[in-house]
C-alpha cells in the first residue's frame, strides 16, 4: 500500500476545492432525466474560475446532446483529509473488431482474478443497458451477482484529480495516450483500485464518437479499442469486488474520500 510522506502532504495548499459538474437533459415526455456528462476536479483556489469555465464550455459542446440542467457544486477540502495515491501503470491495445476487444478484455479480467462467469456477465450487463448510468455497477468477482442496490444511478467516484497536471500528462504521453477522457479514466481507475475489496474494473465510454474502453486492476490500466461501434451512445462501468466485500466502506471511499493521483517514477 502506498504511503505518502509528510513532506509531500505539506507541499499541497492548505485547502483545495472539489468541483463537481453534472449535466442532464429531459426525456421525451419532459420527466425522465437523461444523464449527459459528469466532470470532477480537485484544484487550488486560483484555478477554480478557469476550471469551472472550461468544464461549463465542455458540457455545452458535449457530443451526447444539449443539456437542460447543469449543476455545479464546489466544496472546500482541507489538505489533511486528502490521500495521495499512485497512478496505475498504463498500456493500450488495438483490435479490428468489437468482439476481439471484448474477448481480450474478458481475458484480462480473468488474469486479474475475476471468474469467467463474472467477467462475461460484466460485459453483457454493459452491452444490454438501455441508457447510460451515472455510476457503475458493483459485481461479486466470483459469482457475477450485482451486489449494490443503487439501481440506474450506480455507484459514483467523486472528489479526485491528479496531483501534478504536467507530470500526469507526460506520463500518459509516454504510453502513447492522451486526451481528457483517458486522463479522467486513469484518475478514476487509480482511485477505485486503491479500495481494499476491489479486484478489477471494466468500462467503455458513452460518447458516440469515442469507442475505447478499459480494464483495470490494482496494478494496471489497460485500454482497449474498439469496445463498441461508433455512434453508439451507450456506455457503462462495472466494478468487480471480492466475495463478502464491505460495500459500505467501498462506497464511502468512492464517493467521499478526496484523492490526488500521483505519478511515481522509479
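The values are calculated or read from the model by the stated rules, or taken from the named source; none is laboratory data. Bear in mind that the values here come from a model prediction, so they are computed numbers and not experimental data. FYI the Cβ positions are ideal-geometry reconstructions off the backbone, even for glycines, and counts take in every protein chain you see.
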>> Just the residues that are closer than 21 Å to residue 190 by Cβ and either in the same structural domain as residue 77 (by TED's automatic domain parsing) or at pLDDT 95 or above (or both), please, taken from the stretch 127-147.
In response: 136, 137, 138, 139, 141
>> Can you find, within the stretch 97-106, the residue that is surrounded by the fewest Cβ atoms within 10 Å (Cβ to Cβ) among those that are more than 18 Å from the chain's Cα centre (by Cα) and in contact (Cβ under 8 Å) with a residue 12 or more places away in the chain?
In response: 97
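So, residue 189, is that one within 17 Å of the chain's Cα centre (by Cα) and either in contact (Cβ under 8 Å) with a residue 60 or more places away in the chain or over 24 Å from residue 57 (Cβ atoms) (or both) or not? Before you say what the answer is, go through the steps one by one.
Working: within 17 Å of the chain's Cα centre (by Cα): yes; either in contact (Cβ under 8 Å) with a residue 60 or more places away in the chain or over 24 Å from residue 57 (Cβ atoms) (or both): yes.
The answer is yes for residue 189.
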> In the stretch 231-266, which residue that is part of a helix (DSSP H, G or I) and touching a residue at least 24 places away in the same chain (Cβ under 8 Å) is surrounded by the fewest Cβ atoms within 10 Å (Cβ to Cβ)?
Replying inline: 256
